[in-house]
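The values are calculated or read from the model by the stated rules, or taken from the named source; none is laboratory data. Computed from a predicted structure; not experimentally measured. Here Cβ is always computed from backbone atoms with ideal geometry, including for glycine, and neighbour counts include all displayed protein chains.
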Amino acid sequence: MKQLSFKKFIPGIIWFFIVLVAICLPRADIPKVSSWLDLLLDLDKLIHASMFGVLAFLLMYPFNTKHISLAQQKKIFLRIAIFTSCWGYITECIQLFIPGRSYDLIDWAADNIGVIIALICYRWYIDYKNSTS
């Protein structure tokens, strides 16, 4: 396998730390949303899914190269999805120690939905890319 450029990993690394900072914010520092909007859409779960979906996508991006076989890419993407899911669970555990934050398995489920969406999108993209070349 050809060596991958570190520069391609920078967006994923930066986003990893953005997620870490976001989950470490005390509840008082998180902006509140109007209550009627909360009833229409639970933005917290959407934010969780988005943050972890973007993280998984950015971590998968460097491996989207013609120098890595399709089978190997799929294995790598699955490992990244598992890693990102584990990171989501760890962030829930970290929140036990943050004032005003709490451990919530529903948040972790939302994290996983984002990860699964990223994994499905990337696999569709790879299958499409390989079917057209």
Matching residues in the stretch 80-115 - criterion: being in contact with a helix residue (DSSP H, G or I) (Cβ under 7 Å, 6 or more places away or on another chain) and within 19 Å of PHE63 (Cβ to Cβ): ILE80, ALA81, THR84, SER85, GLY114, VAL115
Given the criterion of a type in the set (Phe, Trp, Tyr), without any contact (Cβ under 8 Å) to a residue 24 or more places away in the chain and farther than 15 Å from LEU20 by Cβ, identify the matching residue among TYR128, TYR122, TYR61. TYR128
Inspect the stretch 85-107 for any residue being assigned to a helix (DSSP H, G or I), touching a Ser or Thr at 6+ places or on another chain (Cβ under 6 Å) and of a type in the set (Val, Ile, Thr) and give the result as yes or no. no
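Consider ALA81 carefully, then state whether it is at pLDDT 85 or above, more than 17 Å from the chain's Cα centre (by Cα) and in a helix (DSSP H, G or I). Spell out the reasoning first.
Values: at pLDDT 85 or above: yes; more than 17 Å from the chain's Cα centre (by Cα): no; in a helix (DSSP H, G or I): yes.
Here the answer is no, as ALA81 does not meet what is asked.
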For the subset of the stretch 27-70 comprising residues that are within 23 Å of ARG123 (Cα to Cα) and assigned to a loop (DSSP other than H, G, I, E, B), which member is modelled with the lowest pLDDT? LYS66
Out of the residues in the stretch 92-133 that are surrounded by 11 or more Cβ atoms within 10 Å (Cβ to Cβ) and of a type in the set (Gly, Ala, Ser), state the one that is nearest to ILE80 (Cα to Cα). ALA118
Exactly one of CYS86, CYS24 is at pLDDT 90 or above and either surrounded by 10 or more Cβ atoms within 10 Å (Cβ to Cβ) or among the aromatic types (Phe, Trp, Tyr) (or both), and that one is CYS86
